[in-house]
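Encoded as structure tokens, the structure appears first; notes follow it.
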Amino acid sequence: MKANGLELKKIRSKAEVVTINNLSEAFRHFGSDGFVVAYLDYRVLIGKINNNSFEFYNGEAIEERYIQRLRLFNEDKELLIWRDNSGLKGRLRIDGEGDETFVVEACQVLWGTNRKDLGNGWSKLYEERGTELILPFGKIEINNRKRRLFLKTRNYITFHPDTHQASYGDCRFTGFTEKPL
């Protein structure tokens, strides 16, 4: 069923808590190529994961001490890492394995109605008033009226054991997509 840009599906999925003492352990748990969104104390970086390393525009790097949240993801799985008072924590979710569950897939429009090609497979989405995102995509078509870039999310439905009320119990990123409005 698809309504208002949302699609309900039934899939197999499993999630587990993982120990993250440093970023090299993140690569060990994730173990795939994909994308990374890094929410740092001072900015948000979006990049790629290639051969167990992060690739950000202009070779920018992240320091563990500034991590608020990291999402390493591809179509099949996501490793979510967050920082709390005791250090880094993690949740690994793998789709296609585990128990059957209902999910709602959605596309969240990314900020930026203008695009500038930065070269070497990178683009900047921006607004005239100063907000910008640098993304690992060289050839994307973005404009204010017809085409936008979206972040694809998968939202996992859980049911309260007593009342059977449905709610979202987890959410993960699955990828990016261009599509017309």
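The values are calculated or read from the model by the stated rules, or taken from the named source; none is laboratory data. Because the structure is a prediction, the values reported are computed rather than measured. Note: ideal-geometry Cβ built from the backbone for every residue, glycine included; neighbour counts use all protein chains shown.
Summary table below
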item: Which listed residue is at positive phi and either at pLDDT 95 or above or out of contact with any Cys (no Cβ under 8 Å at 6 or more places or on another chain) (or both), from N58, N21; result: N58
item: Evaluation of N58 against (1) free of Cβ contacts under 8 Å to residues at least 24 places away in the same chain; (2) assigned to a strand (DSSP E or B); (3) not aliphatic (A, V, I, L, M) (one fails), failing number; result: (2)
item: Among the residues listed as T131, T174, T163, T113, the single one being β-branched (V, I, T), on the phi < 0 side of the Ramachandran plot and in contact (Cβ under 8 Å) with a residue 40 or more places away in the chain; result: T174
item: Of the criteria (1) modelled with pLDDT of 95 or more; (2) surrounded by fewer than 17 Cβ atoms within 10 Å (Cβ to Cβ); (3) aromatic (F, W, Y), which one W111 fails; result: (1)
item: Among the residues listed as T158, T131, T153, the single one being hydroxyl-bearing (S, T, Y), under 24 Å from R43 (Cβ atoms), surrounded by fewer than 16 Cβ atoms within 10 Å (Cβ to Cβ) and under 21 Å from the mean Cα position of the chain (by Cα); result: T131
item: The one condition in (1) out of contact with any Lys or Arg (no Cβ under 7 Å at 6 or more places or on another chain); (2) in contact (Cβ under 8 Å) with a residue 60 or more places away in the chain; (3) among the β-branched types (V, I, T) that I49 fails to fulfil; result: (2)
item: Residue tally, condition in a strand (DSSP E or B) and surrounded by 14 or more Cβ atoms within 10 Å (Cβ to Cβ), over the range 117-128; result: 6
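Residue by residue, here is whether (1) surrounded by 18 or more Cβ atoms within 10 Å (Cβ to Cβ); (2) within 20 Å of E16 (Cβ to Cβ); (3) of a type outside the set (A, V, I, L, M, F, W, C); (4) touching a Pro at 6+ places or on another chain (Cβ under 6 Å) holds:
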| site | (1), (2), (3), (4) |
| --- | --- |
| I46 | yes, no, no, no |
| S53 | no, no, yes, no |
| F56 | no, no, no, no |
| E60 | no, no, yes, no |
| R65 | no, no, yes, no |
| L70 | yes, yes, no, no |
| D76 | no, yes, yes, no |
